[in-house]
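J.: First the structure, then my questions, so here it is.
The values are calculated or read from the model by the stated rules, or taken from the named source; none is laboratory data. Given the structure is predicted, the values throughout are model-derived calculations rather than measurements. Here the Cβ is made from the backbone with ideal geometry for all residues, glycine too, and neighbour counts use every protein chain on show.
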Amino acid sequence: MDELRAIFARLPQRFGAVLALADASSESGPETFVRLLLRSLGASFETQVHIPGVGRVDFVVDGWLIVECDSRAFHEGWAKQQRDRARDMAAARLGYVTIRPLAADILSDPAGTREALREVLDALGPRLVGARRSQLRRKGSRSLPQPPNRPNAPRSPEL
């Protein structure tokens, strides 16, 4: 962030508002777009969350929805697809729903991506949000404990 602040210090002052949107937890352009889309929807979310038995995920929204921003560079090939599906299954066993918008779609159609996110939150949120609320803290521990509504859910080895 210090490097980014130094860059913005050399820019015209009108660009200062853009710096306020920067977040070091976004690891890619598509993740930055999704973070801003979730913010525009008023959703409660955490970034780069470690979930025991699943590993690190890009976003946990409202404590139940995992959003993984998939790009060809990091998710191409059968082995990577298998790993992603195993992680999704492990997350489902813990009570999470996972969606994987493609980076190409996020960047080429942010309005469509925002609408899809809103529709998923509207369709499933009323059923799931009462049962689970995010138990995360912003900095420090980014791990989620076992969800309270599934105390005996089977654990998968962390993928």
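J.: Just need a number here: residues in the range 36-51 that are exposed (fewer than 14 other Cβ atoms within 10 Å of the Cβ) and of a type in the set (Val, Ile, Thr).
T.: 0
J.: Kindly indicate whether Gly112 is at pLDDT 95 or above and assigned to a helix (DSSP H, G or I). Reasoning before the result, please.
T.: Numbers: at pLDDT 95 or above: yes; assigned to a helix (DSSP H, G or I): yes.
Against the criterion (at pLDDT 95 or above and assigned to a helix (DSSP H, G or I)), Gly112 qualifies.
J.: Report every pair of residues separated by at least 6 positions or lying on different chains whose Cβ atoms are under 7 Å apart, first residue within the range 89-108 and among the charged types (D, E, K, R), second crowded, with 20+ Cβ neighbours inside 10 Å and at pLDDT below 90.
T.: Once the first residue is among the charged types (D, E, K, R) and sits in the range 89-108, its partners that are crowded, with 20+ Cβ neighbours inside 10 Å and at pLDDT below 90 give Arg100/Asp70.
J.: State all residues of the range 93-109 that are over 17 Å from the mean Cα position of the chain (by Cα) and part of a helix (DSSP H, G or I); if no residue qualifies, say none.
T.: Going residue by residue through the range 93-109, those that are over 17 Å from the mean Cα position of the chain (by Cα) are 93, 108-109.
Within the range 93-109, Arg93, Ser108 meet the criteria.
J.: Since Ala90 meets every condition but one in (1) more than 17 Å from Thr32 (Cα to Cα); (2) out of contact with any Leu (no Cβ under 7 Å at 6 or more places or on another chain); (3) modelled with pLDDT of 90 or more; (4) assigned to a helix (DSSP H, G or I), which condition does it not meet?
T.: (2)
J.: Then there's this: Step by step: first the residues of the range 86-100, then only those that are under 17 Å from Ala123 (Cβ atoms) and among the hydrophobic types (A, V, I, L, M, F, W, C), then the one that is surrounded by the fewest Cβ atoms within 10 Å (Cβ to Cβ). Which residue is that?
T.: Ala92
J.: Still on this structure: Considering every residue within the range 67-82, establish whether at least one is under 16 Å from the mean Cα position of the chain (by Cα), hydrophobic (A, V, I, L, M, F, W, C), surrounded by 15 or more Cβ atoms within 10 Å (Cβ to Cβ) and modelled with pLDDT of 95 or more. If you could, list the steps in order and put the result at the bottom.
T.: At the first step, the residues of the range 67-82 found to be under 16 Å from the mean Cα position of the chain (by Cα) are 67-71, 74-75.
This time we only want the ones that are hydrophobic (A, V, I, L, M, F, W, C), so: 67, 69, 74.
Then keep just the ones that are surrounded by 15 or more Cβ atoms within 10 Å (Cβ to Cβ); that gives 67, 69.
Then drop every residue that is not modelled with pLDDT of 95 or more, which leaves 67.
Yes, because at least one residue in the range 67-82 is under 16 Å from the mean Cα position of the chain (by Cα), hydrophobic (A, V, I, L, M, F, W, C), surrounded by 15 or more Cβ atoms within 10 Å (Cβ to Cβ) and modelled with pLDDT of 95 or more.
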